[in-house]
Each structure stands twice: as C-alpha cells, then as structure tokens.
Amino acid sequence: MAVSMLSAAEKRRPWILLAPTLAALVLLMLVPIGIMLVYSFYKFQTAGVETPDLNLGNWHEFFSDSYYHGFLWKTARISAITALLCAVMGYPPAYFIAMTSFRHKWLLLLLLIVPFWISFTIRTFSWVHILGEKGVINASLMGLGLISEPIPMLYTEGSVIMGMIHFLLPYMVLNIYVSLDGIDRNLISAARSLGCTNWQAFKEVTLPLSLPGLGAGLLLSFVLAAGSYVTPQILGGRKDSLFGNLIFDTIMKELNWPMGTTLSVVLLVLLGIVSIIYSRYMGLSTITKGLSR
Amino acid sequence: MTNAVELRNITLAYGSFVAVENVSLSIEKGTFLTLLGPSGCGKTTILRSIAGLVNPTAGDIEIAGRRVNDVPIHKRNIGLVFQNYALFPHKTIFDNIGFGLKYRNVPKPAIAAKVKRALEIVRLPGVEKKLPSELSGGQQQRIALARAIVIEPDVLLLDEPLSALDANLRDEMRVELKQIQRQTGITTIFVTHDQGEALAMSDRVVVMNRGRIEQMGSPFDVYEHPQTEFVAGFLGNANFLQATVVAMQGEAVQVRLAGGANLLVGGGHARPVKPGDAVKVVVRAEKVVVTPECTVPIMARIVDVDYLGALARYEVELAGGQRLRALSSLHEKARSLGETVGVGIDPEHCRIL
C-alpha cells in the first residue's frame with residue numbers, strides 16, 4: 001500500500017541522492033577492478049608490453065608455481081601474528097580507557113589518534129633510527145658496554161611485525177574500546193553481587209561482550225597487515241617481502257602488468273573471503289562503529 | 001533477634017559533596033522497606049553501600065549481624081535488581097538465573113531444580129532456553145528478580161525496578177513483587193521516587209531528602225502524620241495554611257487562619273505549640289470537602305476547576321487570599337468557576353507542622 005502511494009518522483013529521489021556516490025564508486029573502484037580483472041587474462045610479451053589475446057596463462061602460473069604460494073603463506077602468517085599481538089597489546093589500554101573514571105576520557109582517545117597526524121612513512125622510517133645498527137637501542141647498549149657487536153634487529157621479520165603493530169594498534173584499541181564502552185556497568189555489578197570476584201566477572205561478562213570489538217580489531221589488523229607493502233619495504237630484509245611487495249615488484253619493476261593484476265585480484269578475493277567469513281559470525285557493523293568514533 | 005540490615009551513622013561523601021549524611025537504620029528480618037525521596041536524595045547511594053558497590057566514608061553496615069564494611073560485594077549475600085534489569089545478554093535465562101548458584105558451588109541437578117522453582121515463583125515457567133532479548137521488559141524484570149532471589153539472599157535490594165516499565169505493567173508488577181516478597185519472606189529494600197509504589201508495597205517507608213532521613217514509619221504514619229513540611233509536600237497533594245494558635249482544647253488546637261476563619265486541628269502537631277504561635281497547618285487536598293451549603297465556618301470562592309471524570313480538582317480562595325486545593329470525588333455535577341462554596345475540613349485531617 002505505502003509503496004504504491006509513492007509518486008514516480010519520490011521513487012526516483014533516493015537514486016538521485018545516491019547518484020554521486022554510486023558514480024564515484026563505479027568509476028573509481030568497480031571499473032578499475034574490472035579492468036584489472038581483464039588484464040589478468042592478457043598475455044605478457046616483454047617488460048611493459050602485453051597483448052590482449054585472452055588466455056588463462058597468468059592464472060595457470062599463479063596456481064602452479066609454489067613461489068607465489070610461499071608469499072601468500074608468509075603474508076598470512078605475518079599478518080596473523082601481527083593481528084594477535086595487536087589484540088594482546090591493545091586490550092589492556094582499551095580496557096583502561098573504557099573503565100577509567102578519569103574525567104577527560106576524550107584526551108586519552110585523542111592520544112590514540114595523534115599518531116595519525118604524522119605521515120605513515122615517516123613513522124615507519126623512525127624505526128630505522130631505533131632498531132638500526134647505529135640506532136638508539138644498539139648505540140645505548142654498546143655505549144653501556146653491554147654488547148660489543150650491534151644486535152641485528154632491523155630488516156628482520158620481527159622489525160616488520162613491529163612496524164605493522166605500530167601502525168595498527170590504534171585501530172585495535174579503538175575497536176575494543178567501543179565495544180567495552182558499550183557494556184552496561186550494571187552487568188558487572190550484577191555479576192559481582194551474584195558472587196563473582198572482579199576477575200571472574202571479567203571472564204563471565206566483560207570479555208564475552210567485548211568479543212565483537214576484539215574480532216573487528218583482529219579482522220581490520222589482519223586485512224591491513226596483509227595488504228601492506230610500505231612497512232616490509234622499509235623495515236624488512238630481502239626475504240621479508242610480503243604479497244604486497246610481490247605485486248609492487250611485478251608491476252613496477254618487471255613491468256609485467258598481466259601477472260601483477262592477477263596477483264592483485266588474488267589478494268582482493270582472499271581478503272574479501274576473510275571479511276565475509278567474519279561478517280557471517282560477527283557482523284561488519286562493529287567495524288564501522290569503531291571507525292566512526 | 002538480630003536485624004537483617006543495620007546501618008549505623010552512615011555518611012558518604014564524594015569530595016565536598018555529601019550524598020548521605022549520618023543515616024542510621026535498622027531493618028527487621030522479613031520487612032519490606034522503601035527508601036523514598038526525590039532524585040539525588042541519597043536513597044540509591046544507601047542501597048549501593050549496602051550492596052558494597054560504594055564504601056561509606058563513615059559508619060558501619062551490618063548484614064545478618066555481620067559487619068560488612070570490609071567485605072567485598074561478592075562475599076555479601078545480597079540480591080540486587082536494577083532498573084534496567086541488567087540480565088546477561090549473552091547467556092540464556094537458565095544461565096542467568098543459575099549464575100549466582102554456580103558461584104556458590106551448588107551441584108548441577110540442584111541448580112536446575114532451583115532455577116525451575118524460581119521461574120515458577122515469578123510465573124514464567126519454561127523460558128530456560130531463551131535469551132533475555134527474546135523476552136519483554138516486564139518478563140526480563142521477572143527474570144532479574146528470579147536471579148536475585150534464587151540465591152536466597154540475606155537482603156534483596158531493588159533499585160527502582162519498576163520505573164522502566166509502562167504504567168499498566170508497573171501496577172501489575174507492583175502487586176506481584178509484593179506477593180513474591182511476602183511468599184519468600186526475604187528482607188527487601190526498595191528504592192523509589194514514586195510515592196504510590198512506596199505506600200502500596202511497604203511495611204515501612206523511609207522518606208529521605210538531601211542525604212538525610214526526614215521520617216520513617218508505616219505508610220499510614222508517614223502519610224497521615226508527616227513530621228516535616230518536606231514529607232507532607234512529597235507524599236500526596238498537601239495544602240499548607242498559615243495560621244495562629246488561638247487556644248488549646250485538650251488534644252486539639254484551635255487556630256485562626258490568615259483570613260480570620262477559625263479551624264480546629266485535631267491531627268496532632270509535630271512540635272509543641274502554645275497560643276499566639278504562628279504555625280503551618282497541613283491538610284491533604286482529598287480531605288478538603290467543597291460543599292454548596294454555607295453552614296460550614298470557612299467560605300471560599302472557586303478560582304479553578306479541573307474536571308477529571310471521576311474526580312474534580314478545585315482551587316479555592318479563602319477570605320484572606322490563601323488558596324487551597326481540593327480533590328473531590330464527583331457524585332453530582334462539578335462546581336463551576338466563581339461559585340462561592342463552603343469548605344469543610346475535618347479536624348482529624350489537619351496537622352500542625
């Protein structure tokens with residue numbers, strides 16, 4: 001009934017209002033991805049030259065060559081380690097901010113955002129001066145005479161994970177904070193009144209109710225880590241390249257666009273699948289809630 | 001016999017703000033006691049300090065004869081019910097109600113039996129497997145009550161448990177809550193700002209204002225014999241009349257109203273009076289009778305009429321300009337504006353403050 005009462009102009013209105021966004025999304029996202037997909041079926045002739053005779057060569061190469069699978073596996077492993085470490089390191093500060101009776105909570109939240117004011121690349125480079133052979137740590141330890149040779153810390157898998165945690169931790173903290181902040185304090189009081197110690201009440205009430213935020217943080221960290229290439233480029237050694245670096249090298253160095261686009265589509269699809277699995281169980285709304293704060 | 005709850009000179013201050021000031025209270029076992037007062041009067045703070053959610057700055061709290069000041073909340077045997085129910089949203093009704101039993105190391109078969117029994121008491125059998133979100137507000141509040149009473153607490157603390165419910169459901173739950181309390185015999189402390197709830201449900205009412213107890217007594221006592229102007233004004237619809245004491249007539253007191261009319265006050269007085277004293281006489285609106293007959297000593301003019309169907313609310317002006325509100329049940333047509341009427345006030349229902 002109500003639907004039929006809308007005039008034609010009223011039916012059009014939402015579409016008119018959506019049009020700019022839809023146009024931008026289609027032109028700037030769907031079309032380029034479509035072009036990439038088409039390119040993945042092109043034939044690579046020599047650096048910078050490809051011919052549009054559609055074939056499955058690139059895809060066959062990707063599925064049959066374990067060189068690519070190794071990158072994929074390493075990327076998944078490092079991203080998972082990064083996401084888990086972020087969760088472990090992010091939960092306590094998020095809990096503290098959510099539970100503190102400090103009156104200027106916004107200040108603590110602002111402190112989380114402050115790192116975003118400095119360029120991501122510069123923040124990543126700062127680790128060179130901390131972990132490097134002549135960096136703060138090695139210089140101090142050698143100055144104190146505790147070590148005679150600098151400890152190799154930079155250009156390792158550890159330094160890559162370190163750098164990624166540095167940039168992902170605020171996302172994790174914010175996501176966990178939002179779900180902790182939404183928990184009714186009376187629930188904790190209720191659990192305490194029924195016989196729980198503080199720690200038992202945390203296990204029974206706070207932790208399970210903050211899982212959506214924790215899950216959202218894990219997903220976001222994992223996806224962003226898996227897609228990163230600047231961090232391993234700057235802080236990683238030759239063998240610490242991730243899938244993103246592989247794509248970068250294939251496109252920018254080998255100028256092999258067909259293979260590069262194939263790899264890009266693979267990463268896009270895989271991360272998409274991870275997100276879909278997550279949203280099936282947790283709902284993606286918690287992420288948008290986390291980001292809108 | 002030890003009292004279920006004993007508060008001795010409880011003071012609770014947040015910095016310079018004193019939420020509760022020197023409150024002492026003894027609550028007998030099995031009593032339904034209501035802490036009544038406007039928001040910010042300290043009633044919830046007292047409840048929270050008995051629960052152990054806040055610590056008093058000074059004074060002692062005893063539950064079942066045991067001093068609990070330093071006993072953490074989970075070791076006080078209390079049942080707590082919140083305004084917003086506070087059911088665990090991720091747990092089934094069974095797990096919600098069984099929660100306290102689990103932490104009291106009750107064996108599983110006994111938990112199942114007790115949960116079943118508690119659901120029967122709150123008249124919601126068979127919802128064990130549901131989640132709280134699948135129940136209505138009134139049902140959730142029953143579950144919250146079941147969760148609190150299933151652990152057989154020394155005292156049941158109810159923090160405005162009815163105020164989130166809509167009016168009809170609230171009345172229904174009010175009756176039921178009282179029945180459950182009577183049936184289980186659990187000492188209950190009920191916090192509310194609703195005088196109707198307080199009068200209808202309680203064995204004892206404690207009226208609070210600004211962190212202090214204004215008056216305590218049976219509902220009849222606090223309503224009929226208010227000790228302070230605050231109590232008289234907070235409970236029911238009270239008129240305050242300026243008057244001068246003329247003479248003492250045994251138990252009753254003859255006073256002259258500002259407008260010259262004489263009034264006999266037979267409802268007692270909160271403090272001793274002697275002829276010549278300026279006093280305030282309190283009389284409830286429903287005790288003021290508006291009659292067409294001019295035989296009664298006080299004459300007045302109707303300045304406002306609110307027709308409420310079964311009732312009419314009049315505002316009448318006495319000779320001296322004092323105004324009185326009167327609430328009359330309507331057996332005939334309501335009086336009209338500007339009419340001159342007689343105002344009858346039974347001496348029994350006037351009281352000097």
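Can you pick out the pairs among B:43/B:102; B:29/B:102; B:102/B:129 whose Cα atoms lie more than 23 Å from each other?
Numbers: B:43/B:102 31 Å; B:29/B:102 26 Å; B:102/B:129 17 Å.
Going by Cα-Cα distance, B:43/B:102; B:29/B:102 fall outside the 23 Å limit.
What ranking do B:304, A:53 get, fewest neighbouring Cβ atoms within 10 angstrom at the top?
Working: B:304 12, A:53 9.
Listed from fewest to most nearby Cβ atoms, that is A:53, B:304.
Taking the centroid of alpha carbons for each part, region B:287-353 and region B:130-184 are 41 Å apart. Prolate is the label for the protein assembly as shown, because the ratio a/c of its alpha-carbon gyration tensor axes (a ≥ b ≥ c) is 1.5 or higher and a/b is greater than b/c. Specify whether the C-alpha gyration tensor of region A:70-159 places it in the rounded, prolate or oblate class, a ≥ b ≥ c being the square roots of the eigenvalues: rounded for a/c under 1.5, otherwise prolate if a/b is larger than b/c and oblate if not. Note, shape of region A:70-159 comes out oblate. The fewest-to-most ranking of B:316, B:343, A:265, A:136 by surrounding Cβ atoms within 10 Å reads A:136, A:265, B:343, B:316.
If you run the Gaussian network model on chain A, springs between alpha carbon atoms under 10 Å, then out of A:89, A:142, A:259 the most flexible one is A:142. Taken as Cα centroids, region A:133-152 and region B:73-96 sit 56 Å apart, rounded to the nearest whole angstrom.
Can you return the lysines within cross-link range of residue A:134? Criterion is Cα-Cα under 25 Å, with same-chain partners fewer than 8 residues away left out. Residue A:134 reaches A:239. Comparing A:82, A:21, A:206, which has the greatest mean-square fluctuation in the GNM of chain A with Cα pairs linked when under 10 Å apart? Its mean-square fluctuation being the largest, the pick is A:21. Select from A:148, A:79, A:126 the residue whose mean-square fluctuation is largest in a Gaussian network model of chain A (Cα-Cα springs shorter than 10 Å). Highest fluctuation among the options: A:148. In the protein assembly as shown, a dipole from Cβ-located charges (positive for Lys and Arg, negative for Asp and Glu) runs towards its positive end, and of B:79, A:197, A:122 it is A:197 whose Cα lies farthest in that direction.
In plain terms, the residue of B:202, B:336 with the fewest other Cβ atoms within 10 Å comes first and the most crowded comes last, giving B:336, B:202.
A simple count of charges around residue A:47, restricted to other residues whose Cβ falls under 14 Å of its Cβ and scoring Lys, Arg +1 and Asp, Glu -1, yields -1.
Computed about the Cα centre, the dipole magnitude for region B:239-352 is approximately 320 debye when only Lys and Arg (+1) and Asp and Glu (-1) carry charge, each at its Cβ.
Could you tell me which of B:345, B:327, B:265 has its Cα farthest along the dipole of region B:239-352 towards the positive end, charges placed at Cβ (Lys, Arg +1; Asp, Glu -1), taken about the Cα centre? Value computed over the given set: B:265.
Only aspartates and glutamates eight or more places from residue B:75 in sequence, or on another chain, were considered; those with a Cα closer than 14 Å are B:62, B:152, B:154.
First check a/c for chain A, with a ≥ b ≥ c the square roots of the eigenvalues of its C-alpha gyration tensor; if it is under 1.5, answer rounded, and if not, answer prolate when a/b is larger than b/c or oblate otherwise.
oblate
Cross-link partners for residue B:91 among the aspartates and glutamates, with Cα-Cα distance under 18 Å and sequence neighbours closer than 8 places in the same chain left out: A:184, A:204, B:128, B:134.
Bear in mind these aren't lab numbers, they're just calculated from the coordinates by the rules spelled out. All values derive from a computational prediction rather than experimental measurement. Backbone-built Cβ (ideal geometry, glycine too); neighbour counts: all protein chains shown.
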